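The values are calculated or read from the model by the stated rules, or taken from the named source; none is laboratory data. Remember, it's a predicted structure, so these values are computed and weren't measured experimentally. Virtual Cβ from ideal backbone geometry, glycine too; neighbours counted across all protein chains shown. The protein model used for the area step is the full one, side chains on, heavy atoms only, and it has no ligands, DNA or RNA in it. Shrake-Rupley method; radii C 1.70, N 1.55, O 1.52, S 1.80 Å.
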Amino acid sequence: MKLKLVKGTWGMEGSLEEQVRLIAESGYQGIEINLPTDRSPGDLRRLLRDANLDLLLMVFTDGDDHVASLRSQVEQALAYEPLHISSHSGRDWWSFDRQRNFFAGALEVERRAGVNINHETHRGRALCNPWNTEALLKEFPELHITADLSHFVCVCERLLSADPALASTLEICISRTRHIHGRVGYEEGPQVSDPRAPEWAAHVEAHEAWWKAIARARFAAGAKYLTFNPEFGPPNYMQTLPYSRKPAADLWEVCLYMAARFRRQYEEMFPANG
């Protein structure tokens, strides 16, 4: 099983061509972006092919009919030939019956499209907390996720592994993850100020334990690859100093650090497959 490190353009400056070049030169194997509105499929495919980068796309369901919203975006996405799609799906305030109806429809969209769709664990969305996610994963054995566990830490206001009541919940989430958003959260927010700082060591190690468990689960399932995006974000995800609004850390360097750190751990786990 190969590790594919991918980089999102969130918080990056410059043209897409400049971003792609920097991402490729920095050792990433893929790029993760929102569904393009200003690039033709052929143009984007050529740009990424020349840079030897895989494409991962993100979509965001909205409107009165979220299944129709997902279907429309996925149909557009297929022309770009993504490796897979991550979806911010549904709403946190929906009843469980409405969420269940949405994911039944979303799985049908995935089957018809023939591309993996991973639904992201994210605040504001149907998979906004671990217990609701667990219930939906049990309801739909074919449902898979993009694990951004920093959101769960923030919503629960605790490191998940510190609570024995969440052990089975973590287990099913780990078993259904096909893509990792490798950001480190803490009890009061979805992003620590700088994962290199010693005061966040316990939080970094907790997230890494979950990511490594996901890697072991994907390997056991016979997956050909695991994708990992060190998805730290710019302000206001990143803390800033008051008045000056100066970011607490250099975003690009933080992402590089997290990607390199997980690569080393992955290679230690799977020395012949990294």
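Which percentage, to the nearest 5, of the DSSP beta bridges contained in the chain is antiparallel? Given both bridge residues lie in the chain, the antiparallel proportion sits at roughly 5 percent. Listed cross-link partners K4/K212; K4/K224; K138/K224; K7/K224 are compared with a 22 Å cut-off, the Cα-Cα value being larger for K138/K224. Distant-in-sequence amide contacts of K2, defined by a placed amide H-H separation under 5 Å and a gap of 5 or more residues or a different chain, comprise Y225, L226.
Calculate, for the stretch 129-210, the solvent-accessible area per residue in square angstrom, rolling a 1.4 angstrom probe over the heavy atoms of the protein chains.
Working: 2970 Å² over 82 residues.
Roughly 36 Å² per residue, with all protein chains present.
All other residues whose Cβ lies under 10 angstrom from that of E157 are scored, Lys and Arg at +1 and Asp and Glu at -1, for a net of -1. Would you work out what percent of the accessible area of the stretch 60-190, with all protein chains in place, is carbon or sulfur (probe 1.4 Å)? Carbon and sulfur: 48 percent of the exposed surface of the stretch 60-190. Look at [x] 49, 48, 44; [y] 56, 42, 33; [z] 96, 35, 35: the one that is Cα extents along the principal axes in Å derived from this structure is [x]. Highest GNM mean-square fluctuation among H66, H88, H122, for the chain modelled with Cα contacts below 10 Å: H66.
If Lys and Arg each add +1 and Asp and Glu each add -1, what is the summed charge of the other residues whose beta carbon sits under 11 Å from the beta carbon of V59?
Working: positive: R71; negative: D62, E75, E120.
Every neighbour counted, the sum reads -2.
If you average 1/r across every pair of different Cα atoms in the stretch 90-171 and take the reciprocal, what Kirkwood value do you get, in Å?
Numbers: mean 1/r = 0.0759 Å⁻¹.
One over the average 1/r among Cα pairs gives 13.2 Å for the stretch 90-171.
For T169, T37, give me the order by solvent-accessible area with a 1.4 Å probe, most accessible first, ignoring ligands, DNA and RNA. Before the final figure, lay out the partial values.
Details: T169 5, T37 140 Å².
Result of the area sort, largest leading: T37, T169.
Which of rounded, prolate or oblate describes the stretch 125-274 when judged by the alpha-carbon gyration tensor and an a/c cut-off of 1.5? Taking the square roots of the gyration eigenvalues as a ≥ b ≥ c, the stretch 125-274 is oblate.
Subtracting the Cα-Cα distance of V115 and E267 from 0.36 nm times their residue separation leaves 51.9 nm of extension gain.
Loop-located trypsin sites (Lys or Arg not before Pro) in the stretch 201-274 (DSSP state not H, G, I, E or B) with no more than 10 neighbouring Cβ atoms inside 10 Å: K224, R245.
Would you mind pulling out the separation of the Cα centroids of the stretch 217-274 and the stretch 19-62, in Å? Between the Cα centre of the stretch 217-274 and that of the stretch 19-62, the gap is 18 Å. Contact order for the stretch 109-264, expressed relative to its length and based on alpha carbon pairs under 8 Å spaced 6+ residues apart, stands at 19 percent.
Taking chymotrypsin sites (Phe, Trp or Tyr not before Pro) as exposed when DSSP calls them loop (any state but H, G, I, E, B) and at most 11 other Cβ atoms lie within 10 Å, what is the longest stretch of the chain free of them, the sites themselves excluded?
94-242
Think of a 1.4 Å ball rolled over the protein heavy atoms: the stretch 23-75 then has 49 Å² of accessible area per residue.
So, counting K/R as plus one and D/E as minus one, what does the shell of residues with Cβ under 13 Å around Q191 add up to?
Working: positive: R123, R183; negative: D148, E187, E188, D194, E231.
Counting the neighbours of Q191, the net charge comes to -3.
Computed over the chain, relative contact order equals 18 percent, with contacts defined as Cα pairs under 8 Å that lie 6+ residues apart. In percent, rounded to a whole number, the relative contact order of the stretch 13-152 is 19, using alpha-carbon pairs under 8 Å and six or more apart. The sum of -39500 (n - 2.57) across all DSSP H runs of n ≥ 4, divided by the residue count of the chain, sets its helix-only mean residue ellipticity at 222 nm to -13500 deg cm²/dmol. Under a 5 Å amide H cut-off, with hydrogens placed 1.01 Å from N, N34 pairs with M58 among residues at least 5 apart or on other chains.
Taking amide H as placed 1.01 Å from N in the peptide plane, the amide H of E120 sits under 5 Å from that of S87, H88, S89, T146, each at least 5 places away or on another chain.
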